[in-house]
DNA sequence: GAGAATTAGTATTTGTTCTGAACTATATGG
DNA sequence: CCATATAGTTCAGAACAAATACTAATTCTC
């Protein structure tokens with residue numbers, strides 16, 4: 001829910017909490033700054049910044065780097081930066097694999113391990129047991145590398161209830177109503193911030209914002225091509241979750257009111273044209289005795305060979321995506337799109353088709369069409385990054 | 001822009017500013033409360049509430065009502081309520097009329113005056129001169145009625161830049177790049193809060209939220225049928241302005257990728273099917289020698305007579321709107337729509353067509369389709385209401 | 001190379017604001 | 001008339017940032 005929650009009364013201590021986070025966020029993007037620079041940038045006095053930084057050093061989130069040479073006159077400042085000795089664990093349960101990684105506060109993915117496994121229809125408890133042991137192994141590797149975990153995050157391909165840690169429904173895993181609170185607790189045991197559950201497309205969209213193509217954009221629609229078509233809306237450098245908490249569901253925007261029935265019960269949805277199954281079927285690639293990965297490889301081979309049927313199928317997918325992108329552009333006033341997931345491998349044909357359709361449907365409206373370069377670690381990076389930001393937003397929780 | 005602006009440092013005084021607004025908002029919806037009730041509801045101590053209320057009484061925004069009888073034991077509380085002696089002026093410049101009204105803090109429209117005039121293509125300075133004298137007359141009437149103005153707002157049918165008070169473009173008025181800062185200053189001269197410029201559909205959407213059908217909803221898409229099709233997104237009881245500040249532009253969402261070229265340069269936009277001109281043309285109602293109002297009357301007459309061509313035109317408009325509404329439902333996770341403006345007079349045919357199309361395209365997704373009952377004063381009510389809320393959010397500005 | 005200039009960071013006092021506890025004020029009920 | 005209950009006020013105490021005056025460390029200039 002986006003609505004303003006409980007009307008918490010303002011207390012005197014809130015001021016310090018806010019200023020701690022303010023100073024910390026100054027350190028975030030730039031990397032290094034001195035107390036004096038922070039004072040100038042935030043409007044706080046040097047005295048206040050000194051006091052706040054002392055607390056932040058105590059939390060372990062920040063460390064001093066020693067004197068920074070400016071070549072100018074006067075006493076040199078002491079460099080301050082986010083500590084690479086603190087991090088968060090990000091995990092992803094997907095249809096074809098499990099993945100866990102540890103991201104430190106400087107943005108480096110310090111450990112990263114993937115286990116290939118077909119999880120569709122598998123019992124959740126079995127998958128979660130595998131995830132638990134993988135997370136333990138990665139967590140130990142991170143500890144050996146000197147990274148202490150602040151929290152964690154788990155991204156899943158389905159609709160989630162973050163508050164309760166429940167996976168409401170994940171058609172591609174054939175899971176529904178799976179309580180994951182226990183699995184979340186085991187991701188980063190003993191960490192000061194609790195792990196949260198998130199949707200995979202949302203996490204990937206955030207990974208783009210913090211570590212990928214979105215850094216330069218600030219506001220964009222992220223499109224994730226997996227089995228379905230997922231989406232995440234980033235508005236003003238923040239994930240926009242909408243009225244009910246599940247915004248950005250691009251897969252079921254209607255692009256052809258007279259079109260085919262969709263599995264959602266609707267008609268003419270994006271997924272009926274640009275979903276993986278729809279594209280493969282339209283390209284004439286049958287599923288007989290082949291894995292999803294194998295069929296996608298066949299599709300890229302057909303595209304490379306210039307097969308007209310395959311090219312046409314991907315072009316139609318691009319046109320369908322364009323209709324949905326224009327809807328987003330009009331409704332939430334966006335001008336950029338970032339494409340990730342399997343859309344990346346279709347880039348050569350999909351990109352031009354999408355751009356051409358956008359020019360036809362709404363000339364000049366969309367000014368940026370970018371493809372992700374984060375690859376398969378996007379979702380876990382986003383989940384871990386979100387955990388780090390929860391810590392950066394509440395540093396006071398780490399103080400005695 | 002939705003992005004976080006300047007990183008203002010937290011000061012001790014911020015706490016009081018926030019708590020003043022917190023207490024004031026407790027008074028808002030309910031109407032009456034005692035200091036003790038406010039303390040219990042907000043979590044502030046009785047001592048703090050007493051001190052805050054003393055300041056609020058000084059601002060004139062709040063007044064004591066005398067002892068409230070509870071019939072229970074103990075000392076009775078003193079009722080507190082927003083003062084009906086403070087209000088804001090709302091104004092609207094539209095194609096066919098000028099309108100100005102004064103809304104008080106209790107939500108009553110105390111004065112309201114409309115001047116019919118065809119403003120299309122008229123010189124802005126002439127229209128604004130008329131507006132100025134109308135606002136002066138209404139302002140004096142309000143003063144005579146004991147209402148002191150806190151601020152004002154002006155709603156216009158076009159794209160606005162609120163920060164600079166500029167009307168960027170208003171095709172239906174044939175205006176572009178009109179600086180309105182001067183006109184805004186003259187709306188409520190001497191008022192402590194400066195008047196702001198807003199888009200008409202956005203203001204109408206807010207009027208629904210605060211005084212209309214939106215009170216029970218909290219999140220919805222408002223659709224305004226004027227010459228064009230405008231929209232306003234309300235998410236979590238707040239107007240959502242999107243990445244660039246102009247969200248909710250429903251009129252140019254693509255509903256028919258193979259459809260007609262639109263005046264915007266795009267193709268198959270909502271307005272090419274559900275815009276006033278498109279509907280009238282499809283209904284076979286020619287424009288020869290008749291005003292817009294006259295042609296709309298002819299359309300309603302045809303509908304009442306069951307004319308197949310007119311009914312079909314409105315039904316197709318409903319189907320086009322449904323595609324856009326589903327896009328909004330998916331992208332920002334909404335489940336309610338409120339229709340206003342000229343859509344109200346088409347209600348009998350448009351409502352069922354829209355609902356049927358919604359059931360076909362996305363069964364169960366939209367649970368509420370409501371029509372506005374605020375009539376022609378919606379936009380000015382929203383503009384005035386926004387001015388009142390600016391005052392309620394910053395009561396400290398009224399203290400010495 | 002000594003002192004002036006300049007910038008970084010710290011210590012101390014002051015004013016604002018909330019909290020908590022004790023207190024006064026005003027009602028109901030027996 | 002007194003016990004009880006609720007409303008509201010007063011006052012000391014703690015937390016906090018601002019303002020001011022200070023110390024620390026470096027470069028520039030003569």
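Starting from one equal scatterer on each C-alpha and no solvent at all, send me the Debye-based log10 I(q)/I(0) for segment B:216-373 at q = 0.09 Å⁻¹, two decimals.
-0.27
If one takes the longest principal axis of the Cα atoms in chain A, at what angle in degrees, from 0 to 90 and to the nearest 10, does the Cα axis of helix A:308-332 lie?
Result, in degrees: 50.
If we hang a label 7 Å off Cα along the beta carbon direction at residue A:265, how far is it from the matching labels on the other copies, in nm, shortest first?
Once sorted, the set of distances for residue A:265 reads 4.1 nm.
Can you give me the relative contact order of segment B:298-390 as a percent, contacts being Cα pairs under 8 Å and 6 or more apart?
Relative contact order for segment B:298-390 comes out at 32 percent.
Every other copy gets compared here: list the nm distances from the residue B:194 label point (7 Å along Cα to Cβ) to its counterparts, shortest first, one decimal.
4.6
Hey, what's the per residue convex hull volume over the C-alpha atoms of segment A:187-293, in cubic angstrom? Each step should come with its number before you reach the end.
Numbers: hull volume 18.4 nm³, N = 107.
Convex hull volume per residue, Cα atoms: 172 Å³.
Can you compute the helix-only [θ] at 222 nm over chain B? Use -39500 (n - 2.57) per DSSP H run of at least 4 residues, normalise by all residues, nearest 500 deg cm²/dmol.
After summing the helix terms and dividing by the residues of chain B, the value is -13000 deg cm²/dmol.
Residue separation times 0.36 nm, minus the C-alpha to C-alpha distance between residue B:263 and residue B:396: what's the value?
43.2 nm
Percent antiparallel among DSSP beta bridges with both residues in chain A, to the nearest 5?
Rounded to the nearest five, the antiparallel share is 65 percent.
Measure nothing but the geometry: give the 0 to 90° angle between the long axis through the Cα atoms of A:124-144 and the longest principal axis through the Cα atoms of chain A, rounded to 10°.
40 degrees
For a quick protection proxy, order the peptides B:46-53, B:335-342, A:241-248 by their average other-Cβ count within 10 Å, most packed first.
B:335-342, A:241-248, B:46-53
Quote the relative contact order of segment B:145-206 in percent (integer), defining contacts as alpha-carbon pairs under 8 Å separated by 6+ residues.
It rounds to 41 percent for segment B:145-206.
Over the whole of A:10-19, what's the average partner chain Cβ count within 10 Å per residue? Rounded to a whole number, please.
Per residue, the number of nearby Cβ atoms from other chains is 5 on average.
Round to the nearest 0.05 the FRET efficiency obtained for residue B:109 and residue B:17 when R0 = 30 Å and r is the Cβ-Cβ distance.
Efficiency at R0 = 30 Å is approximately 0.50.
Determine the distance separating the Cα centre of segment A:65-98 from the Cα centre of segment B:147-186; give it in Å without decimals.
Between the Cα centres of segment A:65-98 and segment B:147-186 lies a distance of 46 Å.
From the label point of residue B:291, set 7 Å from Cα along Cα→Cβ, how far away are the matching label points in the other copies, in nm, ordered shortest to longest?
Taking the point 7 Å beyond Cα along Cα→Cβ, the inter-copy spacings are 7.2 nm.
To the nearest 10 degrees, how steep is helix A:12-30 against the longest Cα principal axis of chain A, on a 0 to 90 scale?
Compared with the principal axis, the helix lies near 60 degrees.
Relative to the compact-globule scaling 2.2 N^0.38 Å, provide the ratio for the alpha-carbon radius of gyration of the protein assembly as shown. It would help to have the intermediate numbers written out before the result.
Working: Rg = 28.6 Å, N = 800, 2.2 N^0.38 = 27.9 Å.
Here the answer is 1.02, to two decimals.
Over segment B:289-400, what portion of Cα pair distances is larger than 17 Å, expressed as a whole percent?
65 percent
Would you tell me the mean number of C-beta atoms belonging to other protein chains that fall within 10 Å of each C-beta in B:330-343, as a whole number?
Neighbouring Cβ atoms belonging to other protein chains average 5 per residue here.
Find the chain A residue whose Cβ sits closest to the rotation axis that carries A onto B, and give that distance in whole Å.
Nearest residue, distance rounded to whole Å: A:327, 2.
When you look at the Cβ of every residue in A:35-44, what mean number of other chain Cβ atoms sits within 10 Å?
Counting other chains' Cβ atoms within 10 Å and averaging over A:35-44 gives 2.
I want the antiparallel fraction of DSSP beta bridges within the protein assembly as shown, as a percent rounded to 5.
Looking only at bridges with both residues in the protein assembly as shown, the antiparallel portion is about 65 percent.
Cα atoms only, segment B:12-82: Rg and Dmax in Å?
That works out to 11.8, 41 Å for Rg and Dmax.
What is the percent of Cα-Cα separations in chain B that go past 35 Å?
Counting pairs separated by more than 35 Å, the tail of P(r) holds 32 percent.
Give, as ranges by residue number, the residues of segment A:90-110 whose backbone N falls under 20 Å from the point 7 Å along Cα→Cβ of residue A:291.
Within reach of a label on residue A:291, which here means backbone N under 20 Å from a point 7 Å along Cα→Cβ, segment A:90-110 contributes A:92-100.
Every number in this text was worked out from the coordinates using simple rules, so none of it is lab data. Quick caveat, the model's predicted, so the values are computed rather than measured. FYI the Cβ positions are ideal-geometry reconstructions off the backbone, even for glycines, and counts take in every protein chain you see.
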